[in-house]
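Some notes on the structure that comes next.
Please treat every number below as a calculation from the coordinates, not as lab data. All values derive from a computational prediction rather than experimental measurement. Neighbour counts run over all protein chains shown; Cβ positions are idealised from the backbone, glycine included.
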Amino acid sequence: VVVIYKYLLYVIAHNIFLNINRIYTVTDTQTGEVVYVGKTTQDVDTRTNQHTNPKRGDHPEWNTKNPDGNLRYEIAVVDNGNWDPFQTAAREQYYIDKYGGVKKLQNKRNEVTKKNYDNQVKQGHNPC
């Protein structure tokens, strides 16, 4: 009975911290370049609307249209999974690095730094 109870606690705790996470890119259709990498547990349309909100968003320019009337920026999910917050940050960091890093992208920060990586390892988290 104790083993079953511990297992149920593990499953509940595990599912509380694991969500369906999405890693998405924003691509400038005029240049073909990825300009931003993000993560969300929401659907990507909801997250995009938050970014592009003219009053509160940080990227209203993503609503710009090309001369043909199509949006200049395309949002696409590039990865998704049932990950904990650190695993999600690590996935996002992978794509940030893949597309040129924070110096090239509109991302303001790296999601995984040496300090928070070392912290996770000290806590027994295996990021691999």
Exercise. Are there trypsin sites (Lys or Arg not before Pro) in the stretch 29-119 that DSSP puts in a loop and that have at most 10 other Cβ atoms within 10 Å, and which ones?
Worked result: LYS55, ARG56, LYS103, LYS108, ARG109
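I need the shape label for the stretch 88-128. Rule: rounded when a/c is under 1.5, else prolate if a/b > b/c, else oblate, with a, b, c from the alpha carbon gyration tensor.
Because a/c hits 1.5 or more and a/b exceeds b/c, the stretch 88-128 counts as prolate.
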For this session: Give, as a single signed number, the net charge of other residues whose beta carbon lies under 11 Å from the beta carbon of VAL26, with Lys and Arg counted +1 and Asp and Glu -1.
Result: -2
Problem set entry | Cα extents of the stretch 34-128 along the three principal axes, largest first (Å) | 52, 27, 24
Exercise. Between their Cα atoms, which of LYS55/LYS103; LYS55/LYS114; LYS39/LYS103; LYS55/LYS115; LYS55/LYS104; LYS65/LYS98 are more than 23 Å away from each other?
Worked result: LYS55/LYS103; LYS55/LYS114; LYS55/LYS115; LYS55/LYS104; LYS65/LYS98
